[in-house]
Amino acid sequence: KNPDENYVITLLKVELDPKAVKEAKYQHSKKNYTKKDKKKLKNELFKEAAATVAAESSTGTWTKVYDGVDSGIPLAMKKRAMAFDLDYEKKMFKVAYPVELFELNNIPGLLAGVVGNIAGMKMVSAMRVYDIRFPRKMIKAFPGPKYGVEGVRKMLKKPKQCLVATVPKPKIGRTDKEQASLAEVLFTSGKGTYDGIKDDENLTHLEFNDFYKRAKLVLKEQDKAEKKTGNKKFYLCNLTHSSIDEMLKRADFIKKHNGKFMMMDVVTTGMTAVYTMRKKNPGLAIHAHRAMHGFMTRDNSPGIHGKGKLYGFSVSMIVLAKLFRLMGVDSLHGGSPLAKMEDYDEAKYIQKVLQHKNLEKDKKIPSLGQKWYDIKPVWHTASGGLHPGDIEAVLDELGNDILIQCGGGLLGHPQGVEAGVMAIEEAREIYFQNVPLRKFVKDNPETPLAKAVDHWGYGPKIIY
Ligand code: CAP
Ligand code: MG
């Protein structure tokens, strides 16, 4: 009853370990073991697995324990999680956790419960956590993004259209000064409408590219370019560090030098760091990069969308995207239907996870939906192998509240960096003038955009 009031809900799928099935068969052994018996046994085991997930992640353990005076058993029985909606064919099920099992604003505590120990269960050989749905009380306990889509639009005086930015390639190689010169070129080439520059994830504070010098120099270029072009610019300045104190120091420095954004690698720094930076940062929007997420979220097995077998253990990007929206990042890498390393349908659903107020379940992706109440929408960053020939399709698929990041797809333009800027400017401009990309390229074969399309084509650049 009242799921959005009373429960945290998760959606999972498991595979029974063949050894567990064999063992169960042995224990139930009888002479004429029919196909029907086998199916019944597997169903029983699946039911047990689902119940074990619910128990281990809430109040239970593997054996019956002391239940006498002061044992806590009556309350544990009352508050225990329940597996429900068991799908015996797909081996999918949901778990409902009474919200009182959790401290409302404690994500590491929540995760230690709902996904804490269950991937160690020997009776299953694979498991995926597809989604989590938070109840109203938990949503209300978090701030969500400080700026979100609208706040960033105001900050950049950009009431509509997508944002575009570039991460310098090589990933590491430029000095702080060289990065600032690149910023100048990006910000001022062509019509001067190019929005942003981003640090790459592994560029932090290095011997030849000092965080503090880089931040100061690039932000100086930002200010100069704003005056020169009349357009607002931004720098996604990477302050990722093991120490939250150091990150706060870097955030203060960015703010002092007129920065608008900090960039954080939110998986490697962790949940506590993200939330602390959201609460304590001096008034910067948070751009969340998600390096390392693939080791948690990626699943190449046929069962990834429910039907078919799962081969490994994973938690979906949908779960992570919900957590980061709740804790309050303003922009998150959510993948792109055309990117070099994404699941097409999942990337499209993640955009909705980040931006819809009343998120519905998806038809293709196993999901639970979410009511977000007052939590603001987040910019979906589309990145990875994108180039000007993809921009129309990415905008068609993900809408306008997206940040399109082209690194190689700008800096690899056959006519150089300035032409790369112009190609992306053109791609964005014609999209919002409703000019089809293919028509423009055909009619204007000498433009930087047409040259980019000659070079990279229209489709995704997939890295094998
Ligand atoms: C993109 C990128 C991003 C990835 C990850 C890179 O560069 O900077 O880190 O795309 O983002 O290093 O590959 P290109 P996501 O534009 O040159 O591909 O997690 O969204 O995939
Ligand atoms: Mg990168």
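Picking from residues in segment 270-293 that are within 16 Å of ligand 2 (Cβ to nearest atom) and open to solvent by 30 Å² or more (accessible area, probe 1.4 Å), the one that is farthest from residue 334 (Cα to Cα) is 292.
Can you find a residue in segment 192-205 that is closer than 14 Å to residue 417 by Cβ, of a type in the set (Gly, Ala, Ser), in contact (Cβ under 8 Å) with a residue 24 or more places away in the chain and more than 16 Å from ligand 1 (Cβ to nearest atom)?
no
If the condition is being in contact with a Lys or Arg (Cβ under 7 Å, 6 or more places away or on another chain) and within 19 Å of residue 325 (Cβ to Cβ), then segment 100-129 contributes only 104. Among the residues of segment 377-408, those identified as more than 19 Å from residue 345 (Cα to Cα), open to solvent by 10 Å² or more (accessible area, probe 1.4 Å) and either without any contact (Cβ under 8 Å) to a residue 40 or more places away in the chain or within 16 Å of ligand 2 (Cβ to nearest atom) (or both) are 405, 408. Quick check: is even one residue across segment 46-57 open to solvent by 50 Å² or more (accessible area, probe 1.4 Å), at pLDDT below 95 and not in a helix (DSSP H, G or I)? The answer is no, given that none of the residues of segment 46-57 is open to solvent by 50 Å² or more (accessible area, probe 1.4 Å), at pLDDT below 95 and not in a helix (DSSP H, G or I). Taking the listed residues 230, 151, the one that is farther than 20 Å from residue 254 by Cα, more than 16 Å from ligand 2 (Cβ to nearest atom) and not hydroxyl-bearing (Ser, Thr, Tyr) is 230, with no other qualifying. If I filter segment 337-353 for residues that are part of a loop (DSSP other than H, G, I, E, B), in contact (Cβ under 8 Å) with a residue 12 or more places away in the chain and more than 16 Å from ligand 1 (Cβ to nearest atom), do I get at least one hit? No - not one qualifying residue is present in segment 337-353. Restrict the check to segment 327-334 and report whether at least one residue is open to solvent by 10 Å² or more (accessible area, probe 1.4 Å), more than 16 Å from ligand 2 (Cβ to nearest atom) and among the β-branched types (Val, Ile, Thr). Among the residues of segment 327-334, not one is open to solvent by 10 Å² or more (accessible area, probe 1.4 Å), more than 16 Å from ligand 2 (Cβ to nearest atom) and among the β-branched types (Val, Ile, Thr), which makes the answer no.
Here residue 98 meets the list (1) in contact (Cβ under 8 Å) with a residue 24 or more places away in the chain; (2) closer than 18 Å to residue 315 by Cβ almost entirely, failing just condition (2).
Within the set 363, 357, the sole residue that is modelled with pLDDT of 95 or more and among the charged types (D, E, K, R) turns out to be 357. Of all the residues in segment 187-205, those that are within 15 Å of ligand 2 (Cβ to nearest atom), open to solvent by 10 Å² or more (accessible area, probe 1.4 Å) and either touching a helix residue (DSSP H, G or I) at 6+ places or on another chain (Cβ under 7 Å) or not polar (S, T, N, Q) (or both) number 2. Which of the residues spanning segment 143-190 are within 27 Å of the chain's Cα centre (by Cα), among the small types (Gly, Ala, Ser) and within 23 Å of residue 220 (Cβ to Cβ)? Hits for segment 143-190 are 165, 183.
Among residues of segment 281-298 that are closer than 29 Å to residue 153 by Cβ, those with a Cβ under 6 angstrom from a residue that is in a strand (DSSP E or B) and among the aromatic types (Phe, Trp, Tyr), sequence gap 6+ or separate chain, pair up as 284/261; 285/261; 287/261. Listed by first and then second residue, the pairs with beta-carbon distance under 9 Å, at least 6 apart or on different chains, first residue in segment 104-119 and among the polar types (S, T, N, Q), second crowded, with 16+ Cβ neighbours inside 10 Å, are 105/138; 105/142; 105/275; 117/56; 117/57. In summary, helices (runs of 4 or more DSSP H) completely within segment 253-334 and bearing 1 or more residues that are of a type in the set (D, E, K, R) and either farther than 28 Å from residue 88 by Cα or out of contact with any helix residue (DSSP H, G or I) (no Cβ under 8 Å at 6 or more places or on another chain) (or both) occur at 271-280, 317-327.
Looking only at segment 115-130, decide whether some residue is open to solvent by less than 50 Å² (accessible area, probe 1.4 Å) and under 17 Å from residue 3 (Cα atoms). Looking through segment 115-130, none of the residues is open to solvent by less than 50 Å² (accessible area, probe 1.4 Å) and under 17 Å from residue 3 (Cα atoms). Candidates in segment 309-322 are the residues that are over 24 Å from residue 360 (Cα atoms) and either under 13 Å from the mean Cα position of the chain (by Cα) or open to solvent by 30 Å² or more (accessible area, probe 1.4 Å) (or both); of these, the one that is farthest from ligand 1 (Cβ to nearest atom) is 309.
The values are calculated or read from the model by the stated rules, or taken from the named source; none is laboratory data. Just so we're clear, the structure is a prediction, and the values are computed from it rather than from any experiment. In this analysis, Cβ positions are derived from the backbone assuming ideal geometry, glycine residues included, and neighbour counts consider all displayed protein chains. In case anyone asks, the SASA skips ligands and DNA or RNA and just uses the protein heavy atoms, side chains included. Shrake-Rupley method; radii C 1.70, N 1.55, O 1.52, S 1.80 Å.
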